[in-house]
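Structure, as structure tokens:
The values are calculated or read from the model by the stated rules, or taken from the named source; none is laboratory data. Note that this is a predicted model, so its numbers are computed, not measured. Neighbour counts run over all protein chains shown; Cβ positions are idealised from the backbone, glycine included. These accessible areas exclude ligands, DNA and RNA; they are computed on the full protein's heavy atoms, side chains included. Shrake-Rupley method; radii C 1.70, N 1.55, O 1.52, S 1.80 Å.
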Amino acid sequence: MRTAAVIPAAGRGVRLGPGAPKALRTLGGVPMLVHAVRAMAAAEAVQVIVVVAPPEGAAEVRALLDSHEAPGTAGVTTVTVVPGGESRQESVRLGLAALPDDVDVVLVHDAARPLVPVGTVEGVVEAVRAGAPAVVPGLPLADTVKSVEPATGAVTGTPQRALLRAVQTPQGFDRAVLAKAHATVTEDVTDDASMVEQLGLPVRVVPGHEEAFKVTRPLDLVLAEAVLARRRGHDR
């Protein structure tokens with residue numbers, strides 16, 4: 001099976017404050033998007049990467065990847081850049097449409113998770129190749145979670161923490177399943193796995209990793225810089 005990774009990177013990332021889109025913010029002097037592309041290309045199972053850029057910014061993103069010598073320039077992994085849509089779902093759908101016909105397994109990865117370890121990527125791919133229609137990496141929760149009535153703030157319940165997982169990316173899919181989900185589910189969702197759930201198909205959870213966290217707020221960027229500095233220290 002050939003595996004491709006679709007990286008939607010068309011969002012603005014307003015929670016990180018004004019400035020460049022989230023995916024183009026730098027981490028260790030390198031845009032997060034470049035880190036995310038490198039993370040996917042580091043997995044031997046991934047042969048194709050499609051980056052979904054802001055609608056009017058595909059040429060700029062292509063130039064950015066080339067200037068940072070992102071994988072693909074040496075022909076090891078094919079990296080394509082396509083313009084995205086107004087929503088994440090539309091951007092993923094456009095990324096799917098750009099995949100070669102011989103791709104069987106599709107990963108969807110957040111550009112804002114730049115430090116996902118290669119072992120996590122490989123674990124997701126392996127589970128899909130073993131027959132799971134959809135796979136997500138997840139971590140047990142450290143905090144107690146409450147369900148709340150939004151209008152009043154009143155607690156309505158306390159789910160059993162042992163039954164919950166914080167889900168990360170890359171999420172992996174049988175290509176035909178993901179294509180059907182995007183053709184069928186029209187309501188707004190927060191991840192692609194929930195679209196597969198609405199088809200009535202099972203979604204499997206495999207172990208995630210603490211370093212695959214999403215860089216959403218300024219404090220996340222500080223933590224990501226610390227993780228990157230530690231990695232670079234170990235490489236010396």
Query raised in the report: What fraction of the DSSP beta bridges in the chain is antiparallel, stated in percent and rounded to the nearest 5?
Result: 40
Query raised in the report: Within the chain, which DSSP H helices have Cα atoms that stretch 18 Å or more along the helix axis and a mean Kyte-Doolittle hydropathy of at least -0.5?
Result: 218-235
Query raised in the report: Around residue 81, which amide H atoms from residues at least 5 apart in sequence, or from another chain, sit under 5 Å from its own amide H, with H modelled in the peptide plane?
Result: 51
Query raised in the report: Counting only the heavy atoms of the protein chains, how much of residue 146 is accessible to a 1.4 Å probe, in Å² to the nearest 10?
Result: 110
Query raised in the report: Ignoring ligands, DNA and RNA, what percent of the 1.4 Å accessible area of the chain is carbon and sulfur?
Result: 54
Query raised in the report: Which value results when the Cα radius of gyration for the chain is divided by 2.2 N^0.38 Å?
Result: 1.00
Query raised in the report: If amide H atoms are built 1.01 Å from N in the plane of the peptide, which residues on other chains or at least 5 residues away come under 5 Å of the amide H of residue 166?
Result: 139, 141
Query raised in the report: Cross-link partners among lysines for residue 22, C-alpha distance below 20 Å, same-chain residues fewer than 8 apart left out?
Result: 214
Query raised in the report: Taking the DSSP beta bridges in the stretch 111-232 as the whole, what percent of them are antiparallel, to the nearest 5?
Result: 65
Query raised in the report: Magnitude of the Cβ-charge dipole of the chain, K/R +1 and D/E -1, about the Cα centre, nearest 20 debye?
Result: 540
Requested in this report: Taking only protein heavy atoms into account and a 1.4 Å probe, give the accessible area per residue of the chain in Å².
Outcome: 49
Requested in this report: Might you work out the accessible area of residue 78 for me, using a 1.4 Å probe with all protein chains in place, and round it to the nearest 10 Å²?
Outcome: 80
Requested in this report: Could you point to the residue in 189, 35, 173 farthest towards the positive end of the chain's charge dipole, with +1 and -1 charges on the Cβ of Lys/Arg and Asp/Glu respectively?
Outcome: 35
Query raised in the report: To the nearest 10 square angstrom, how much accessible area does residue 87 have with a 1.4 angstrom probe?
Result: 50
**Report entry** Three semi-axes of the equivalent ellipsoid, the stretch 81-164, Cα gyration tensor, whole Å, largest first
**Finding:** 32, 20, 12
